[in-house]
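Reading through the structure tokens given below for one structure.
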Amino acid sequence: MRSHYCGDLRASHIGEEVKLCGWVHRRRDHGGVIFLDVRDREGIAQVVFDPDEQAAFKLADKVRSEYVISIVGKVRARPEGSSNPDMATGEIEVLGKQIEILNQAETPPFPLDEYSAVGEDVRLKYRFLDLRRPEMQNKLRFRSKVTSIIRNFLDENGFLDIETPILTRATPEGARDYLVPSRVHPGSFYALPQSPQLFKQLLMVSGFDRYYQIAKCFRDEDLRADRQPEFTQIDIETSFMNEEDIMSMTEKMVRQLFSNLLDIDLGEFPRMTYAEAMERFGSDRPDLRIPLELTSIDDLMQSVEFKVFNGPANDPKGRVVALKAPGGASLSRKQIDDYGKYVSIYGAKGLAWIKVNAINDGINGLQSPILKFIPEETIQALMKRLDAKDGDIIFFGADKAKVVNESIGALRVKLGEDLNLIERPWAPLWVIDFPMFEENGKGGWTALHHPFTSPACSPEALKANPDTALSRAYDMVLNGTELGGGSIRIHDQQMQESVFEVLGLGEEELKDKFGFLLDALKYGCPPHGGLAFGLDRLVMLMTETSSIREVIAFPKTQTASCVMTQAPSEVDTQQLHELNIRIRKHI
């Protein structure tokens, strides 16, 4: 029905007769001449109808916004002085000769031809209209280009695109599973995969030494701006490559992606250990665009009488840090109090601070309600360690190390944004040498990544010192967001059993949940590893969008629901009966 997309027309088409199909983006009537901006997925073309073409002019006069039309016309240059440099088609217009109304449209619930402050709930309810907006079309077209480049890169590097099951069984991936009842196996349930982890490892055992998949994954967890109950993962696994090989290859892929689509050279990705990242930034995904760092001051605070500081300073699981923000002395008391409320979200009980007004005046040049609780010599040592200067403000965190890292690490990022301290647009890195385990709060251990990650030590050393064991895991981080995480996997049965032993899994549980994996490891499993990227997060970052809902065609809300289709929904009694399920009413 069409000869060209609207957005593809250029000055090189002048003189050609074209046929366009699309939606009426905007209609204007200027002095007896009708202008229609016709929109399709590639962009907008201006179509002009004048009274000389009586039949076409009469029909064009009837169309309204969002009518679906087809037009035949001739491409011509726009009159002198009327070019639009903000439009890709701004040099030309189409003189309409024929027009056909393919479908009429009611007035949309919100305007599609200009910015509208309509709420997200309305946009999601009418998502099929929201997706017509050029802004949304551009994001989804960009997403398609991202996956195309990634597929081409992996294909060229010998990877095979292999699908893995959606209906599987529950695996310990760190979040709740979505369960699917089985009609033919009463009382039994499938689980939707949190990732294809075990299947891609089995593919390595099977000899498919380079696998990838653009995989749908599902996690029943609380949502945030960068999380959805169903999300898309660029899943990669390969045999006979170590962590350096895998990081080098996937880094090259991401650098190529940014170069091709954004003309940005990310440069070489620096490496940073998990321990260093937590010590300096309080986060295992530090935003290196921001120059602020946490400074440990436990040694300075161990002997002070101020219990808020000396308690955590003398606690083996505690931490006391200082965060210096240049120029922050200009912050008002209300702003400081607001930062105190902000860190409370992460469990901090308060936020101590010192303003540096005149460093050469000693204690008299400082301003803070906590100065009276700390000896002057300690304050002087603190100022020297931080290299404090006039106009600085120093914030403090003192609590369990986890609380301090999360709260002051988050404050570091917020201060960097609020005080305009971001030094560069892009800051990638690799975080390596993660701990193998973390305490589960019940006297035992849980895997920091997943239990199939290979430790960097022997099985004997792992069982003897699980608290200090490191893993062969690596995360790619960009601007404070984890783009992808991966590891070298366990390919030895003894090592896998040792990890399960540390995690406290009994023999029966092992056989029930992972018998097939342990069996596979007996039959010549090659060394292998991989990495999975969050496609939604990647596109969100590349398009500089604040939420992944903006780069997903049909996302869920913060409550994991779809306001357009009203999912999840109740089902009728007959379906429940067939599945042997009875709904228990909440009282």
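Nothing in this text is a laboratory measurement; each read-out follows from the coordinates by a stated rule. Because the structure is a prediction, the values reported are computed rather than measured. So basically every Cβ, Gly included, is an ideal-geometry build from the backbone, and we count neighbours across all protein chains shown.
Summary table
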{"read-out": "Pairwise label distance in nanometres, Thr559 with Glu507, each label 7 Å out on the Cα-Cβ vector", "value": "5.0 nm"}
{"read-out": "Sites Glu114 and Ser70, calculated FRET efficiency, Cβ-Cβ separation with R0 22 Å, nearest 0.05", "value": "0.35"}
{"read-out": "Bridge type composition, the chain - antiparallel percent by DSSP, nearest 5", "value": "95 percent"}
{"read-out": "Estimated distance in nm for a label pair at Glu244 and Asp121, the labels positioned 7 Å out from Cα along Cα-to-Cβ", "value": "5.6 nm"}
{"read-out": "Cα Rg over Rh - region 290-423, Kirkwood", "value": "0.93"}
{"read-out": "Computed over region 6-103, the ratio Rg/Rh where both radii use C-alpha atoms and Rh is Kirkwood", "value": "0.92"}
{"read-out": "Order of Ser569, Ser144, Ser65 under a 10 Å beta carbon neighbour criterion, fewest first", "value": "Ser569, Ser144, Ser65"}
{"read-out": "Lys97 long-range amide H proximity, modeled H, under 5 Å", "value": "Val72, Gly73, Lys74"}
{"read-out": "Neighbour-limited loop hits for trypsin sites (Lys or Arg not before Pro), region 222-266 (at most 15 other Cβ within 10 Å; DSSP other than H, G, I, E, B)", "value": "Arg224"}
{"read-out": "Computed E for Ile101/Ile214 - FRET, C-beta separation, R0 30 angstrom, nearest 0.05", "value": "0.20"}
{"read-out": "Sorted by Cβ density within 10 Å, fewest first, the residues Tyr212, Tyr5", "value": "Tyr5, Tyr212"}
{"read-out": "Nearest-0.05 FRET efficiency for Arg271 and Ala358, computed from C-beta distance (R0 41 Å)", "value": "0.50"}
{"read-out": "Residues of type lysines that Lys355 reaches as a straight line, Cα spacing below 17 Å, ignoring anything fewer than 8 places off in the same chain", "value": "Lys324, Lys334, Lys372, Lys384, Lys389"}
{"read-out": "Qualifying trypsin sites (Lys or Arg not before Pro) for region 1-59 [loop in DSSP, other Cβ within 10 Å: at most 15]", "value": "Arg2, Arg10, Arg41"}
{"read-out": "Gain upon complete extension [Gln302, Asp492; 0.36 nm per residue less C-alpha separation]", "value": "63.8 nm"}
{"read-out": "Phi-based couplings in Hz for region 278-286 (Karplus 6.51, -1.76, 1.60; Gly and Pro marked x)", "value": "5, 5, 8, 10, x, 8, 8, 9, x"}
{"read-out": "Region 148-227: relative contact order in percent, alpha carbon pairs under 8 Å with at least 6 residues between", "value": "34 percent"}
{"read-out": "Straight-distance crosslink candidates among aspartates and glutamates, where the alpha carbon sits under 15 Å from Lys513 and sequence neighbours closer than 8 are dropped", "value": "Glu173, Asp177, Glu497, Glu501"}
{"read-out": "Zone residues, region 484-522, relative to Glu460, backbone N less than 19 Å from point 7 Å out along Cα-to-Cβ", "value": "492-502"}
{"read-out": "Cα-based reach from Lys511 at 29 Å (exclusive), listing lysines while leaving out same-chain residues under 8 positions away", "value": "Lys200, Lys216, Lys442, Lys463, Lys522"}
{"read-out": "Label-point separation in nm, Asp418 to Arg385, each point 7 Å along Cα→Cβ", "value": "2.4 nm"}
{"read-out": "Residue-count net charge about Leu140 - beta-carbon cut-off 13 Å; Lys, Arg +1, Asp, Glu -1", "value": "+4"}
{"read-out": "Computed lengthening from Ile336 to Leu167, 0.36 nm per intervening residue step minus Cα-Cα distance", "value": "55.8 nm"}
{"read-out": "Segment Glu438-Asp86, length gained on full extension (0.36 nm per residue, minus Cα span)", "value": "121.4 nm"}
{"read-out": "Mean separation of Cα contacts under 8 Å, 6 or more apart, over the residue count of the chain: relative contact order %", "value": "13 percent"}
{"read-out": "Shape call, region 180-226: gyration tensor on alpha carbons, a/c limit 1.5", "value": "oblate"}
{"read-out": "Cα gyration tensor shape of the chain, rounded if a/c is under 1.5, else prolate or oblate by comparing a/b with b/c", "value": "oblate"}
